[in-house]
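I have placed the structure first, in the form of C-alpha cells, so that the comments after it can refer back to it.
None of the figures in this text is laboratory data; all of them are computed from the coordinates on show. Just so it is clear, the structure is predicted and the values come from calculations on it, not from any experiment. As a convention, Cβ positions derive from the backbone with ideal geometry for all residues, glycine included, and neighbour counts pool all protein chains shown.
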Amino acid sequence: MPAINLGGTMPDGAKARDFWVEDDQFICASGTALQGSLFKMILGKLCLTRSALIMLPYEGVMVKAAELLAGKLRSYILGDFADMADAMEKLGLIHNGYEILDEVLIWPLEQIENDAWVEQRRFLGLGSGAELFVPANGQQYGFSLKGRGHEVAGFASAEEFCEWINSMR
C-alpha cells in the first residue's frame, strides 16, 4: 500500500510539516485556525484520516517571512510602543491574535464523544467561513475553516469535515 504525505503546500504558499499515512487512510485536509482562547487562534493544517483528526504545523520560508513582515509592520504601526507591546505579549497580557502551531496534534476518532457540528460565520449577511466544533476528551475544539462553496480547490470545507467525522463515529 503506498503512503502519502499529508503535509505539503497550502494555498498561501506556506508548507505544512511532513506526515506520512497509508493512501487509503486519508480522507480530507484544509488550512485551519484552532481556537486557543478568546484572544488567540493557532494556525495549522487540519487533516482527517480514517482513525484520527490531525493538525500539522506550518513551516518553511514563507512562514518565517510572514513572521518577519508582521514584526516589521507591528514596529512601523506602533512606533515607540512596539517594545512595550512585545513585553506585554511575553507576559501574556495581550495576544497577537494568531500563532503558528509548533507540534503535531492528534485526536483519535474514538475520543470524539458526540457528533461534530458546523456554525456559519457571517458579517452583514456575507460569509465564507465556518466553525467546525468537535467534542473530544471532555472539551470542545473549534476550528475555523472555509464554508462549503468557498473552499480552495483541493481542500475540504468545514461541512465536509463534519459529515465525514460524524459518519465514521
> Quick one: length gained pulling R50 to D18 fully straight, 0.36 nm per residue minus the C-alpha distance?
Replying inline: 9.7 nm
> What residues qualify as long-range amide H neighbours of K15, i.e. H under 5 Å apart, gap of 5 or more or another chain, H built at 1.01 Å from N?
Replying inline: M10, E59, M62, V63
>> Spelling out what I want: for every residue of region 9-23, take phi, set θ = phi - 60°, compute 6.51 cos²θ - 1.76 cosθ + 1.60 (Karplus), and round to whole Hz; glycine and proline get x.
In response: 7, 8, x, 7, x, 6, 9, 9, 4, 5, 7, 9, 9, 5, 3
> Residue separation times 0.36 nm, minus the C-alpha to C-alpha distance between F26 and N166: what's the value?
Replying inline: 48.8 nm
> Once the other residues with Cβ under 12 Å from the Cβ of V118 are scored (Lys, Arg +1; Asp, Glu -1), what is the net sum?
Replying inline: -3
> What is the list of residues in region 140-169 whose amide nitrogen lies under 17 Å from a point 7 angstrom out from the Cα of Q120, following Cα to Cβ?
Replying inline: 145-151, 157-163
> How large is ³J(HN,Hα) for each residue in region 160-169, as worked out from phi by the Karplus curve 6.51 cos²θ - 1.76 cosθ + 1.60 (θ = phi - 60°), to whole Hz, x for Gly and Pro?
Replying inline: 5, 4, 4, 4, 5, 4, 5, 6, 9, 6
> Computed FRET efficiency, Cβ-Cβ of D80 and I4, R0 41 Å: what is it to the nearest 0.05?
Replying inline: 0.25
> Among the aspartates and glutamates, which fall within straight-line cross-link reach of K40, defined as a Cα-Cα distance under 17 Å, with same-chain neighbours fewer than 8 residues apart omitted?
Replying inline: E67, D86, E89, E99, D102, E103, E131
>> Expected output is a single nm value to one decimal: the length gained when fully extending between A153 and Q139, i.e. 0.36 nm times separation in residues minus the C-alpha distance. What is it?
In response: 1.9 nm
> Residue by residue, what Karplus-based ³J(HN,Hα) values in Hz, rounded to whole numbers, does region 114-121 have, using 6.51, -1.76 and 1.60 with θ = phi - 60° and x for Gly and Pro?
Replying inline: 9, 5, 6, 8, 10, 10, 6, 9
> Separation of region 1-30 and region 136-169 by C-alpha centroid, Å?
Replying inline: 16
